[in-house]
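S.K.: Below are the structure tokens for one structure; questions will follow.
The values are calculated or read from the model by the stated rules, or taken from the named source; none is laboratory data. Only a predicted model underlies this, so the values are computations on that prediction, with no experimental measurement involved. Quick reminder, even Gly has a Cβ in these numbers, built from the backbone with ideal geometry, and neighbours come from all protein chains shown.
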């Protein structure tokens, strides 16, 4: 599927402020807010400009840092909802995420909450998140969300350290009642440079394990920055691939994805930190539609190396963020995929 006119997902990094100190943080989050953040008025203007993408409007994901660090968070949510956006939120697992906050998020019409769980127990999760108590707070937040009927997904980092724990995490995800399990495959950016990616061979085995797991769990499975899961799905299932997997076909950095940083920079994705404009001076709709880099990222025939020769390049296309992090060229091959076309 092509996303020339509008993205499927817009991520807006409201702030980089966060009370956690995660070892893999893309944003290299800090305890305090950046004075250069978009103001409330600038945020309102941005949301209004983004409606120019037209119907159907992209899904809007408010992320960070920790969005709860913005005192105007509920004003921004309310304005986005009034404009017709479907809004999701990715709060941090801190004591700011209270039962009352979750109830209010439900009242304000949040479509989905994304909670991060990087270990099956407190020692594993808190060891990655850098703050004791984060695991228990995240579990409580999931339980409160379930109690008020606010759908939530669980995000889990995939790296060498978390790989052996994934089966136990999957059991946690099922027990908590998550709607989706989204596995974020490590990109060596930000503080994530200090962790180790899994190998291509390990990633391939993991893809097959996830596909075997999918029919037996009550949640959908999604991979982020591991687009070759779609190849494995097609190779094994063909036209019988489950709808939950097919929905992501074609979506990748810059193709169906737009990211806006806390200071207004326009990126193809959060893990692909190529600033192609700034909403303070540039039109994000025009940048997405017409910037040469966005257009190249949307063209599977512009890909290089084995990704450019791959028969699955339209539905997969590889991680452009990983290609950029490893080679400096976002159009090069994704080094995590072992497939040889």
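S.K.: Return yes when residue 213 is more than 21 Å from residue 9 (Cβ to Cβ) and either more than 21 Å from the chain's Cα centre (by Cα) or outside any helix (DSSP H, G or I) (or both) and no when it is not.
M.R.: Answer is yes for this residue.
S.K.: Being under 21 Å from the mean Cα position of the chain (by Cα) and more than 15 Å from residue 13 (Cα to Cα) narrows it down to one residue among 245, 275, 286; which is it?
M.R.: 245
S.K.: Another question, then. Which one is surrounded by the most Cβ atoms within 10 Å (Cβ to Cβ), of the residues in the stretch 58-76 that are without any contact (Cβ under 8 Å) to a residue 40 or more places away in the chain and in contact with a helix residue (DSSP H, G or I) (Cβ under 8 Å, 6 or more places away or on another chain)?
M.R.: My answer is 68.
S.K.: Just to confirm my filter: which helices (runs of 4 or more DSSP H) fall fully inside the stretch 227-341 and include at least 1 residues that are closer than 28 Å to residue 196 by Cα and touching a residue at least 40 places away in the same chain (Cβ under 8 Å)?
M.R.: Once the helices (runs of 4 or more DSSP H) in the stretch 227-341 are filtered for at least 1 residues that are closer than 28 Å to residue 196 by Cα and touching a residue at least 40 places away in the same chain (Cβ under 8 Å), what remains is 229-237, 292-297, 320-327.
S.K.: Of the conditions (1) under 23 Å from residue 268 (Cα atoms); (2) touching a strand residue (DSSP E or B) at 6+ places or on another chain (Cβ under 9 Å); (3) modelled with pLDDT of 95 or more, residue 17 fails just one. Which one is it?
M.R.: (3)
S.K.: Same structure, new question: Taking residue 94 as meeting all but one of (1) part of a loop (DSSP other than H, G, I, E, B); (2) surrounded by 17 or more Cβ atoms within 10 Å (Cβ to Cβ); (3) modelled with pLDDT of 95 or more, write down the number of the exception.
M.R.: Single failed check for residue 94: (3).
S.K.: With over 19 Å from the mean Cα position of the chain (by Cα), surrounded by 17 or more Cβ atoms within 10 Å (Cβ to Cβ) and more than 23 Å from residue 167 (Cβ to Cβ) as the only criterion, which of 113, 105 stands out?
M.R.: When all the criteria are applied, what remains is 105.
S.K.: Evaluate the stretch 122-142: report whether one residue or more is at pLDDT 95 or above, surrounded by 19 or more Cβ atoms within 10 Å (Cβ to Cβ), under 19 Å from the mean Cα position of the chain (by Cα) and within 30 Å of residue 274 (Cα to Cα).
M.R.: Looking for residues that are at pLDDT 95 or above, surrounded by 19 or more Cβ atoms within 10 Å (Cβ to Cβ), under 19 Å from the mean Cα position of the chain (by Cα) and within 30 Å of residue 274 (Cα to Cα), one finds none in the stretch 122-142, hence no.
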